[in-house]
Every structure is written in structure tokens, then in C-alpha cells.
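Q: Input: one structure, supplied below.
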Amino acid sequence: MLSRISRATYVLDAIRKALIDGASADQLLPDLWPLLAMAFVFIPVGLWGFGQAERYAKRTGKLKRVG
């Protein structure tokens, strides 16, 4: 069940199909569309989370600035 949300599952399946079976880009779409969907969700969420952590660290003085 956890493998469904792992990007590695889809990447490795697509690479195997492309290298071993010689699959075309059209045949790889079932493995690539979940990666695109995850990118549209995970990248903004990750950027938001990093921004929140950075603001917290700056506000509490836990972020050391050098230079």
C-alpha cells in the first residue's frame, strides 16, 4: 500500500519497461502520469513546509547566519 505513494516505484517500473521491453513513450504513460501528479502536489507542499520551517527558525533565532 505504501508503494503507491512512493515515486521510486513508478520511476523504476518505467525504467524497466523502457530498457528491458523497449517500451515507447506512449507505453510509459501509465507509469509517468502518477509522477506528474505527485510533482504537482509534493513540490508546492515541500516548498510551503520549508518556508514555514525557515520562518520559525528565523523567528526563534535558531537559524545561524554566517557571512
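All of the numbers you see were taken from the coordinates with simple rules; none came from a lab. The structure displayed is predicted, hence computed values, not measured ones. Cβ atoms come from the backbone with ideal geometry, glycine included; neighbour counts cover every protein chain shown.
Q: Are there any pairs with C-beta distances below 9 angstrom linking a residue in the range 36-47 that is of a type in the set (A, V, I, L, M) to a residue that is part of a helix (DSSP H, G or I) and surrounded by 10 or more Cβ atoms within 10 Å (Cβ to Cβ), with the two at least 6 apart or on different chains, and if so which?
A: M38/I5; M38/R7; M38/Y10; A39/R7
Q: Could I ask something else about it? For residues in the range 5-19 being within 17 Å of A37 (Cα to Cα) and not hydrophobic (A, V, I, L, M, F, W, C), which is nearest to the chain's Cα centre (by Cα)?
A: Among residues in the range 5-19 that are within 17 Å of A37 (Cα to Cα) and not hydrophobic (A, V, I, L, M, F, W, C), the one nearest to the chain's Cα centre (by Cα) is R7.
Q: Across the range 20-67, what is the total count of residues that are charged (D, E, K, R), more than 24 Å from the chain's Cα centre (by Cα), surrounded by fewer than 11 Cβ atoms within 10 Å (Cβ to Cβ) and not in a loop (DSSP other than H, G, I, E, B)?
A: Summing the residues that are charged (D, E, K, R), more than 24 Å from the chain's Cα centre (by Cα), surrounded by fewer than 11 Cβ atoms within 10 Å (Cβ to Cβ) and not in a loop (DSSP other than H, G, I, E, B) in the range 20-67 gives 1.
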